[in-house]
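Enquirer: One structure follows; several queries about it will come next.
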Amino acid sequence: MIKLQNVSKSYRVDEDTIFYALKKVSLEIKETEFVSITGPSGSGKSTLMHLIGLLDKPSSGDVIIQGKKISQLSDDELSTLRNEFVGFVFQQFNLIPKLSVLENVLLPTVYARKKLNYDPEAKALELLTKFGLIEKKSSFPNKLSGGQQQRVAVLRALIMEPKLILADEPTGNLDSKSGHDIMKLLGELNRNEKITIVVVTHEADIAAYGKRVIKVKDGQVG
Amino acid sequence: MGYLLFIVRSALEDFKRSKMQTFLTSLGIVIGVFAVIMLMALGLGLKRYISDQFEALGKNTLFVTPGQVLQGGGFGGAASVLGQRFDIKDLTNLSRVKGVVGLAPLSSKSGKAKGTVKTEYISIFFTSADFADIAGLTIDKGRFFDKTDIDKHAKVLVAGPKIAEKLFGSTINALDKRVSVDNVNFTIIGIIKSKGGGGLGGNDYDSYFFGPYTTGFIYDPQKQFIRFAIKTDPNIPLATVKAEINKVMLKRYKDDEFSLLEPTEILSVVNSIFNIMNIVLVAIASISLLVGGIGIMNIMYVTVSDKTREVGVRRALGARKNDILLQFIVESVALSIIGGALGLGLAFLGVLLVQGFFPAYIDVPSMVLALGVSSAIGIVFGVLPARKAANLEPVEAIRYE
Ligand SMILES: Nc1ncnc2c1ncn2[C@@H]1O[C@H](COP(=O)(O)OP(=O)(O)O)[C@@H](O)[C@H]1O
Ligand SMILES: [Mg+2]
């Protein structure tokens, strides 16, 4: 589904120093996988995830999605792919504070260019009901607990029925119980909905949810 | 929920959170739009008022005034200010011109008038009996003065209704009463119907007294007039009469010592003055709008920087550059339209306040202009911050703390 071939990501630190956040990484994420990416802080996990999620472009090497090199896609085409193909979950939840829970869940559909084969609002309400957040639909994010906010973020990632969900330290700001609840939720989505899941974490017990673990160290995949 | 609705609602929701900040930001626009619309309302009102007055004078009216009044499209005429005057001889000469059917010499006197209720500073127009017809005055009570009064230098006055009420409490009380103006005693023989307007130079006939020009000589031993108003025979072309009058006047005066004016000419001068005035006003107000626009640009840069991470999140969810651009432009347009609407509201209040004594009014084009200009400002000054937001690298924006 997504292939990285010899991908490097580098930043120019000063005149004659270049820092490599990722060095010649090659890997493939296959459909319906549940992958954990682990490694110490600063090892390049988020950088890797941003490349897989089409938010970033490699300094060298190729990111290939559905047989196409992303270097050949326009900014708009990448936006559309992110919209339809990928769902993101972040450590800081990143809900839009001035939008209600329902509106946050609906937000990706606002940016959809294709005709959806379902009614977005009905679908959002259905998801909220299914995951026990329906009473909060008109609340604003700051009225929710961390665990609830992250669940809303997962629903927002689900609304476009993506093939892939990318979660960057999704449990990092949660207490242990809420963290495991979120991981169980992602596991269910992988099992029942056949959604490919990639979770970035530096915690071993969270990484254990993955069926395959990719270890990153100093910008390299071991 | 529709795409645009979502974006507009997002922008407005922001304002609800910080009303004070929204208000202060749009204050420049508020003041700018208020200034433009208020000044335009005053200008329009004055222009309409003056136009109405001259249109009432009709087609066959001419004025003879000292000096060059309509110089280069504006009121020049030092002579009229410097006090050059006409005299009895001119009156006689003009009365002999073929085609002149009405002739009113004008001189004026201001002074303290003592009524039964109040003492007021008043003005008297000393003129002929033809003045009533030329100026379109009609009698409400009593009578206008006539040729006999003029021949006898009769100390009689006709009063405008406003001044009559002021001095005597009511128009009926004023009739046949005595009024003394600078120690000369007059009898009020008539009251005119309210005309509610002014003439050349904004005279409000309702507040004037009118008397025989011969009587006016009491105050003026030199027996002079400040201008003539003339009614011409409608069966003779106006140009012919004008040429004839010109010939007569040239016998005693140089070409640049007098002017012949038609109301339509005066109107076109009034129009051109107002057009110039409007341009100047708009230019001045533009500065205020520019300052307002820069204020909006400033707050929008702050907003973009505050929302960097939000932009990153939206980009991750699939927003295109243009979606982000539109979001911020809508926000800045909303901000400046709020300012424009407040400014317009203030201008409406202002017009209401002055309407008692000034004929200001706001027309539809002014309102369209106010809202059009403020949305244009929102777009123009919102584009740069919005482009900055749209061009953020998604990954940098997401990482932004
Ligand atoms: N824009 C950037 N400029 C310079 N260095 C960066 C930039 N983004 C990330 N890095 C560096 O790349 C390395 C990897 O970062 P990241 O992928 O966020 O690590 P992780 O998520 O594993 O903690 C870090 O050392 C970080 O400082
Ligand atoms: Mg990270």
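Enquirer: Give me the residue from the range B:223-263 that is in a helix (DSSP H, G or I) and acidic (Asp, Glu) and, out of that set, nearest to B:LEU167 (Cα to Cα).
Expert: First pass over the range B:223-263, keeping only residues in a helix (DSSP H, G or I): B:238-250, B:255-257, B:263.
Okay, now just the ones that are also acidic (Asp, Glu), so B:244, B:255-257.
Working: B:GLU244: 44, B:ASP255: 44, B:ASP256: 42, B:GLU257: 39 Å.
The qualifying residue nearest to B:LEU167 (Cα to Cα) is B:GLU257.
Enquirer: Among what's in the range B:109-136 and is polar (S, T, N, Q) and in contact with a Ser or Thr (Cβ under 6 Å, 6 or more places away or on another chain), pick the residue that is surrounded by the fewest Cβ atoms within 10 Å (Cβ to Cβ).
Expert: Among those that are polar (S, T, N, Q) and in contact with a Ser or Thr (Cβ under 6 Å, 6 or more places away or on another chain), it is B:SER110.
Enquirer: When the residues of the range A:164-187 are narrowed to those that are assigned to a loop (DSSP other than H, G, I, E, B) and either among the β-branched types (Val, Ile, Thr) or surrounded by fewer than 19 Cβ atoms within 10 Å (Cβ to Cβ) (or both), which ends up farthest from the other protein chains (Cβ to nearest Cβ)?
Expert: Out of the qualifying residues, it is A:ASP175.
Enquirer: Right, another one. Has the range B:283-297 got any residue that is within 30 Å of B:ASP87 (Cα to Cα), aliphatic (A, V, I, L, M) and modelled with pLDDT of 90 or more?
Expert: Pass one, the range B:283-297, residues within 30 Å of B:ASP87 (Cα to Cα): none.
For the range B:283-297, residues within 30 Å of B:ASP87 (Cα to Cα), aliphatic (A, V, I, L, M) and modelled with pLDDT of 90 or more: absent.
Enquirer: Which condition does A:GLY61 not pass, out of (1) under 16 Å from the mean Cα position of the chain (by Cα); (2) under 26 Å from A:LYS215 (Cβ atoms), if it passes all the others?
Expert: It is condition (1) that A:GLY61 fails.
Enquirer: Residues to consider are B:ASP176, B:ASP220, B:ASP206; find the one that is farther than 21 Å from B:LEU103 by Cα and either assigned by TED's automatic domain parsing to the domain that holds B:LYS47 or part of a loop (DSSP other than H, G, I, E, B) (or both). Spell out how you get there, then give the answer.
Expert: On the way: B:ASP220 fails: farther than 21 Å from B:LEU103 by Cα; B:ASP206 fails: either assigned by TED's automatic domain parsing to the domain that holds B:LYS47 or part of a loop (DSSP other than H, G, I, E, B) (or both).
When all the criteria are applied, what remains is B:ASP176.
Enquirer: I'm told B:TYR213 meets every condition in (1) over 26 Å from B:LEU91 (Cα atoms); (2) among the aromatic types (Phe, Trp, Tyr); (3) in contact with a Pro (Cβ under 7 Å, 6 or more places away or on another chain) except one. Can you identify the failing condition by its number?
Expert: Evaluating B:TYR213 over (1) over 26 Å from B:LEU91 (Cα atoms); (2) among the aromatic types (Phe, Trp, Tyr); (3) in contact with a Pro (Cβ under 7 Å, 6 or more places away or on another chain) leaves (1) as the failure.
Enquirer: Among residues belonging to the range A:36-54 that are away from chain B (no Cβ under 14 Å) and touching a Ser or Thr at 6+ places or on another chain (Cβ under 8 Å), point out the one that is farthest from ligand 1 (Cβ to nearest atom).
Expert: A:SER36
Enquirer: Can I ask one more? For A:LYS24, are the conditions met, namely being surrounded by 13 or more Cβ atoms within 10 Å (Cβ to Cβ), more than 16 Å from ligand 2 (Cβ to nearest atom) and within 13 Å of chain B (Cβ to nearest Cβ)? Spell out how you get there, then give the answer.
Expert: On the way: surrounded by 13 or more Cβ atoms within 10 Å (Cβ to Cβ): yes; more than 16 Å from ligand 2 (Cβ to nearest atom): yes; within 13 Å of chain B (Cβ to nearest Cβ): no.
Taking the combined requirement at face value, the residue does not satisfy it.
Enquirer: Give the residue that is nearest to the other protein chains (Cβ to nearest Cβ), with candidates limited to residues of the range A:98-120 that are more than 25 Å from A:LEU78 (Cα to Cα) and assigned to a helix (DSSP H, G or I).
Expert: A:LEU102
Enquirer: What single numbered condition from (1) modelled with pLDDT of 90 or more; (2) under 30 Å from B:PHE357 (Cβ atoms) fails to hold for B:LEU200?
Expert: (1)
Enquirer: In the range A:188-222, which residues are part of a helix (DSSP H, G or I), touching a strand residue (DSSP E or B) at 6+ places or on another chain (Cβ under 7 Å) and not hydrophobic (A, V, I, L, M, F, W, C)?
Expert: Of everything in the range A:188-222, just one residue is part of a helix (DSSP H, G or I), touching a strand residue (DSSP E or B) at 6+ places or on another chain (Cβ under 7 Å) and not hydrophobic (A, V, I, L, M, F, W, C), namely A:ASN190.
Enquirer: Spot the failing condition for A:LYS114; the list is (1) modelled with pLDDT of 95 or more; (2) away from ligand 1 (no atom under 16 Å from the Cβ), and only one is missed.
Expert: All conditions pass for A:LYS114, except number (1).
Enquirer: Further question on the same structure: Hey, can you tell me all the residues within the range A:171-222 that are among the β-branched types (Val, Ile, Thr) and within 16 Å of ligand 2 (Cβ to nearest atom)?
Expert: A:THR171, A:VAL198, A:VAL199, A:VAL200, A:THR201, A:ILE206, A:ILE214, A:VAL216, A:VAL221
The values are calculated or read from the model by the stated rules, or taken from the named source; none is laboratory data. Predicted model, so just to flag it, every value in this text is computed and none were measured. All Cβ positions, even for glycine, are placed from backbone atoms using ideal geometry, and neighbour counts span all protein chains on display.
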